[in-house]
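Below is one structure; the comments refer to it alone.
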Amino acid sequence: MIQQNTPLLPYNTFGLAARAAHFTEVFSVRELQSALQSGIQPVLILGGGSNMLLTQDVSGLVIKNAIGGMELVRTAGNTVLVKVGGGVVWHDFVCWVVDKGYGGIENLSLIPGTVGAAPVQNIGAYGVELKDVFVELEAVELAGRQLHVFNHADCRFGYRDSIFKHENKGKYCITSVTFALTRQDHQLHLSYGDIQKTLESNGVTQPAIADVSKAVIQIRSSKLPDPAVIGNCGSFFKNPETDRAVLEKIRLSHPQVVSYNLPDGRVKIPAGWLIEQCGWKGKRVGNTGCYEKQALVLVNYGGATGSEVKNLAYAIIDSVERTFGIRLEPEVNIF
Ligand SMILES: Cc1cc2nc3c(=O)[nH]c(=O)nc-3n(C[C@H](O)[C@H](O)[C@H](O)COP(=O)(O)OP(=O)(O)OC[C@H]3O[C@@H](n4cnc5c(N)ncnc54)[C@H](O)[C@@H]3O)c2cc1C
């Protein structure tokens with residue numbers, strides 16, 4: 001059933017008060033195809049609304065993906081293939097596999113949103129990305145309503161990037177994703193961030209995947225604002241990747257600059273550090289602002305509009321560019 005003039009406030013973690021001219025929730029591929037048959041344009045696929053900034057009302061049809069299901073497809077040697085519905089809450093899926101003892105996504109614990117949206121920006125955290133465990137996905141083409149399969153190469157994953165942010169942007173609804181996880185002898189990634197330190201303070205010397213998941217949850221809860229308490233979309237900007245010469249130039253005025261080497265010889269500089277140097281961390285502008293504990297996160301203190309947040313984002317982008325010659329790119333999808 002398609003509803004009219006639906007408030008989207010409960011459906012986006014920024015807590016923005018946009019409305020959808022038409023709105024429906026789908027629980028199966030068939031329901032999705034039938035909603036698309038309505039012919040209402042444009043169509044916006046909504047997951048958990050944790051990576052979108054709604055700057056205006058949506059004129060077409062918003063389809064909330066609620067397609068469920070988690071099934072073990074096959075086991076082969078140490079690998080288990082798990083197929084998950086696009087509308088499943090990502091963290092529910094993580095908890096399910098951690099509980100079963102399957103490894104590979106424990107570092108991705110507590111990332112908000114749905115499984116179907118996860119390949120769109122190749123979600124990642126603490127040294128692990130979705131692409132590391134991805135096998136294939138099924139997606140319905142919005143125009144033709146046909147179901148297509150995309151393998152790893154088809155998705156062209158990059159840092160917070162995939163084909164669904166480029167040629168296929170807004171053209172498909174991802175209805176399921178299949179993952180390859182390990183059954184034992186898991187390859188743990190403990191060197192990133194404070195994982196090792198947190199495990200030690202938890203008294204864990206030989207961590208199992210459940211210990212790693214717990215540590216990640218503890219770290220994230222202490223650093224990131226809970227959208228249920230204060231509206232936000234996590235990291236608003238991507239960490240810029242740049243030539244080493246740019247880094248060396250910054251180092252002249254800021255010897256303490258932080259950077260990470262990339263395999264191609266370039267470097268990644270934390271966007272949060274750049275923003276903080278420009279004096280934005282903890283700064284409030286009207287109803288929005290830059291989170292006090294993490295400059296990469298923009299927040300809605302209550303009653304902010306999407307345009308207010310967008311204006312703040314672009315003020316930050318301009319300020320970082322003026323200071324460092326680096327133009328930050330939003331990670332969040334702006335509508
Ligand atoms: C507190 C917080 C912490 C976060 N931490 C991280 C982090 O550590 N790492 C990280 O990578 N991200 C992080 N994020 C961002 C966000 O959680 C992810 O990008 C997540 O995958 C978004 O899922 P969603 O279902 O909410 O997508 P939505 O916000 O609903 O949609 C995002 C985009 O994907 C499209 N889309 C949604 N579902 C589908 C689908 N089924 N098929 C096709 N297109 C679709 C939408 O149209 C939109 O363009 C964080 C967000 C918050 C609020």
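The values are calculated or read from the model by the stated rules, or taken from the named source; none is laboratory data. The structure presented is a predicted model; accordingly, all values stated were derived computationally and were not measured. A quick note on method: Cβ atoms are made from the backbone with ideal geometry, for glycine too, and the neighbour counts reach across all protein chains shown.
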* **Inter-residue pairs, beta-carbon under 7 Å, first loosely packed, with under 15 Cβ neighbours inside 10 Å and in region 174-189, second modelled with pLDDT of 95 or more, 6+ apart** => GLN184/ASN78; ASP185/ASN78
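Kindly establish whether VAL98 is surrounded by 14 or more Cβ atoms within 10 Å (Cβ to Cβ), touching a helix residue (DSSP H, G or I) at 6+ places or on another chain (Cβ under 8 Å) and under 18 Å from ALA117 (Cα atoms).
no
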* Structure fact -> The correct count of residues that are among the aliphatic types (A, V, I, L, M), closer than 18 Å to HIS189 by Cα and more than 10 Å from the ligand (Cβ to nearest atom) in region 129-138 is 1
* Asked: Among GLY272, GLY289, which is within 16 Å of the ligand (Cβ to nearest atom), assigned to a helix (DSSP H, G or I) and either of a type in the set (Ser, Thr, Tyr) or not assigned by TED's automatic domain parsing to the domain that holds HIS189 (or both)?
  -> GLY272
* Structure fact -> In region 1-53, anything within 14 Å of the ligand (Cβ to nearest atom), closer than 23 Å to PRO112 by Cα and of a type in the set (D, E, K, R) is listed as GLU25
* Asked: If the Cβ limit is 6 Å and pairs must be 6+ apart or interchain, which residue in region 25-54 that is of a type in the set (Asp, Glu) pairs with which residue that is within 11 Å of the ligand (Cβ to nearest atom) and at pLDDT 95 or above?
  -> GLU25/LYS64; GLU25/ALA66
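Yes/no matrix, rows are residues, columns are (1) surrounded by fewer than 18 Cβ atoms within 10 Å (Cβ to Cβ); (2) in contact with a Gly (Cβ under 9 Å, 6 or more places away or on another chain); (3) part of a strand (DSSP E or B):
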{"position": "VAL149", "(1), (2), (3)": "yes, no, yes"}
{"position": "GLU167", "(1), (2), (3)": "yes, no, no"}
{"position": "LYS214", "(1), (2), (3)": "no, no, no"}
{"position": "ALA245", "(1), (2), (3)": "yes, no, no"}
* Looking at region 301-315, which of its residues are farther than 11 Å from PHE14 by Cβ, part of a loop (DSSP other than H, G, I, E, B) and in contact with a Ser or Thr (Cβ under 9 Å, 6 or more places away or on another chain)? -> TYR301
* Filtered residues of region 319-335 (kept if away from the ligand (no atom under 16 Å from the Cβ) and of a type in the set (D, E, K, R)) -> GLU321, ARG322, ARG327
* Structure fact -> The number of residues in region 32-78 that are assigned to a loop (DSSP other than H, G, I, E, B), among the small types (Gly, Ala, Ser) and buried (at least 19 other Cβ atoms within 10 Å of the Cβ) is 5
* When only residues in region 282-294 that are in contact (Cβ under 8 Å) with a residue 24 or more places away in the chain and within 25 Å of LYS268 (Cα to Cα) count, which is surrounded by the fewest Cβ atoms within 10 Å (Cβ to Cβ)? -> LYS293
* Can you tell me which residue within region 82-95, out of those that are more than 8 Å from the ligand (Cβ to nearest atom) and in a helix (DSSP H, G or I), is surrounded by the most Cβ atoms within 10 Å (Cβ to Cβ)? => VAL94
* To do: Would you mention how many residues in region 103-113 are touching a His at 6+ places or on another chain (Cβ under 8 Å), near the ligand (Cβ under 10 Å from one of its atoms) and either basic (Lys, Arg) or not in a helix (DSSP H, G or I) (or both)?
  => 4
* To do: Please work out if ASP154 is away from the ligand (no atom under 12 Å from the Cβ) and either among the charged types (D, E, K, R) or in the same structural domain as PRO330 (by TED's automatic domain parsing) (or both).
  => yes
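If we scan region 95-112, do we find a residue that is closer than 29 Å to GLU308 by Cα and touching a strand residue (DSSP E or B) at 6+ places or on another chain (Cβ under 8 Å)?
Yes, that holds for at least one residue.
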* For region 132-142, state whether one or more residues are surrounded by fewer than 19 Cβ atoms within 10 Å (Cβ to Cβ) and under 27 Å from PRO207 (Cβ atoms). => yes
* **Failed criterion for GLY116 (all others in (1) more than 14 Å from the ligand (Cβ to nearest atom); (2) in a loop (DSSP other than H, G, I, E, B) hold)** => (1)
* Asked: Here is a list of conditions, (1) surrounded by 21 or more Cβ atoms within 10 Å (Cβ to Cβ); (2) more than 26 Å from SER213 (Cα to Cα); (3) of a type outside the set (S, T, N, Q), and VAL120 meets all of them except one; can you say which number that is?
  -> (2)
